[in-house]
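Comments concern the structure below.
All of the numbers you see were taken from the coordinates with simple rules; none came from a lab. Since the model is a prediction, treat every value here as computed from it, not as a measurement. Ideal geometry is used to build each Cβ from the backbone, glycine not excepted, and the neighbour counts take in all protein chains shown.
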Amino acid sequence: MPAAFLPAIDPARCTACGRCVAVCAPHVLSLHPQGWVKTAALDDAAGCTGCAQCKVACPFGAVRMVRAHSAVLADLAGKTSL
Ligand code: SF4
Ligand code: SF4
């Protein structure tokens, strides 16, 4: 069953510290190049359990848990990095 909530990562806050990547048990997060910097991004929404450990681990408040359908819509609109 897909997770009800998925992480939405704010690239403006993300420092690419990698903490969220390290705590994600199913390994569905990774750091992606975005221009000259890297930003954490959700690679596999279907594999995300919605556990929110990435949000808890982020020291910079860059991760929000959002309802899965709105996360997908925001991603399609190019407004957030999932
Ligand atoms: S909510 Fe849990 S499973 Fe999903 S990306 Fe964050 S740490 Fe990984
Ligand atoms: S823990 Fe926060 S700042 Fe660090 S890589 Fe993940 S989203 Fe970016």
## Note on the structure
Expressed as a whole-number percentage, the relative contact order of segment 5-77 with C-alpha contacts under 8 angstrom and at least six residues apart is 43
### Task
State, to one decimal in nm, how far the label point of A4 lies from the label point of A46, with both points 7 Å from Cα in the Cβ direction.
2.3
### Query
What number comes out for the charge environment of P26, summing +1 per Lys or Arg and -1 per Asp or Glu over other residues with Cβ under 11 Å away?
-2
#### Entry: Label zone at A68 (point 7 Å along Cα-to-Cβ), backbone N below 12 Å, segment 1-35
1-7
### Query
Placing +1 at every Lys and Arg Cβ and -1 at every Asp and Glu Cβ, with all other atoms neutral, what dipole size does segment 5-77 have around its Cα centre, in debye to the nearest 20?
220
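Work out, in µm²/s and without decimals, the Stokes-Einstein translational diffusion coefficient of segment 5-77 at 20 °C, 1.002 mPa s, Rh from Kirkwood over C-alpha pairs.
The estimated diffusion coefficient comes to 177 µm²/s.
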